[in-house]
Amino acid sequence: MKKNRLLIGLKGPFIRFYLADTTSLVEEAREKFSLYPTSAAALGRVLSMSAVMGTMLKDGNEQYNIAIHSDGAISTIMAIARPDGSVKGFISNPNVYDVYEDTGKLAVGRAIGSGTLSVTKSMNMKGNFSSTVNLQTGEIGDDFAFYFAKSEQRASIVSLGVLVDTDQSIRSAGCFFIELLPGYGEEDIVYLENLAARMRPISMEIDELSLEEIIEKNLGEVEILEERELEYRCDCSRERFKEKLLTLSRKDLLDLAKAQQDIEIKCDFCGKTYTYSAKELNDWLDDVGTA
Ligand SMILES: [Zn+2]
């Protein structure tokens with residue numbers, strides 16, 4: 001499988017860019033959740049942006065929790081991204097295949113509808129930073145650009161795209177995030193505006209060109225600061241879900257134990273199923289009881 005690559009660099013002193021090819025990561029999500037094309041594009045765009053955001057975190061223990069809640073056919077999308085470049089996600093409705101009549105493009109904005117985008121940065125012992133903005137178009141790129149401007153005072157271009165092939169597999173997917181850094185001048189704003197006007201959809205670029213060629217074509221000469229790898233990875237485990245179960249009230253746990261049935265928990269982010277026997281549950285209850 002092709003690697004998910006991210007290049008981070010500078011165009012002059014005041015413009016920073018992140019360009020990521022997330023094709024195989026989004027394809028992995030499509031296979032995991034059996035996503036229909038519009039659902040694949042929606043989750044794929046969120047995963048692509050989230051994975052890139054994860055790499056912006058400085059502390060290894062921090063993570064981004066990103067959530068879209070809306071009133072469309074796709075009502076919830078979530079993603080969790082970490083500094084090591086790993087990301088995982090969830091979509092409430094994997095079965096949306098809706099296309100705009102006029103352009104023939106996947107109708108992501110219509111499938112999402114109106115609602116909110118929430119970004120929570122968990123900063124380990126230092127608490128959380130959380131911010132919610134209203135969705136602008138539901139097309140996700142616009143919504144993240146609005147989030148960055150409103151909540152983090154970062155002026156940026158956010159280009160997110162997923163190209164779905166005729167066999168419904170992911171042909172290309174990516175994120176091109178370009179932002180102004182503190183100290184920028186009028187000429188940098190103009191540069192960004194012109195760039196936004198001439199940029200093609202990022203999924204088309206990634207389908208046809210390498211990351212290096214996309215940078216060369218759109219930005220000309222740049223300084224590459226870092227190359228990273230991104231991946232879809234779930235960190236769930238039997239132990240973690242047990243801990244979650246044990247956060248239920250004692251009464252709920254007793255009710256579950258009384259039912260004398262195995263408890264099955266399915267991970268929303270990877271589909272893995274964990275089974276706990278009634279005996280195990282009773283043993284835990286004994287432990288909790290004497291603690
Ligand atoms: Zn999992």
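The values are calculated or read from the model by the stated rules, or taken from the named source; none is laboratory data. The shown structure was predicted, so the numbers you read here are calculated from the model rather than taken from an experiment. Note that we place each Cβ from the backbone using ideal geometry, even for glycine, and neighbour counts take in every protein chain shown.
Overview of values
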| item | result |
| --- | --- |
| Checking ILE214 against (1) within 16 Å of the ligand (Cβ to nearest atom); (2) surrounded by 16 or more Cβ atoms within 10 Å (Cβ to Cβ), the condition it does not meet | (1) |
| Single unsatisfied condition, ASP268 versus (1) more than 10 Å from the ligand (Cβ to nearest atom); (2) outside the structural domain of MET56 (by TED's automatic domain parsing) | (1) |
| Options LYS251, LYS244; residue that is at pLDDT below 90, assigned to a helix (DSSP H, G or I), over 30 Å from VAL158 (Cβ atoms) and under 28 Å from the mean Cα position of the chain (by Cα) | LYS244 |
| Count - residues of the stretch 77-134 that are surrounded by 17 or more Cβ atoms within 10 Å (Cβ to Cβ), closer than 29 Å to GLU226 by Cβ and charged (D, E, K, R) | 3 |
| Filter result (of a type in the set (A, V, I, L, M, F, W, C) and either surrounded by fewer than 18 Cβ atoms within 10 Å (Cβ to Cβ) or within 16 Å of the ligand (Cβ to nearest atom) (or both)) within the stretch 223-250 | ILE224, LEU225, CYS234, CYS236, PHE241, LEU245, LEU246, LEU248 |
| Residue list for the stretch 115-129, filter: of a type in the set (S, T, N, Q) and at pLDDT 95 or above | THR116, SER118, THR120 |
| Spans of helices (runs of 4 or more DSSP H) in the stretch 157-232 with at least 3 residues closer than 20 Å to PRO37 by Cβ | 202-208 |
| Where a residue in the stretch 272-284 is in the same structural domain as ASP262 (by TED's automatic domain parsing) and its partner, wherever it lies, is within 16 Å of the ligand (Cβ to nearest atom) and assigned to a strand (DSSP E or B), with Cβ under 6 Å and at least six apart | THR273/GLU264; THR273/LYS266; TYR274/ILE265; THR275/GLU264 |
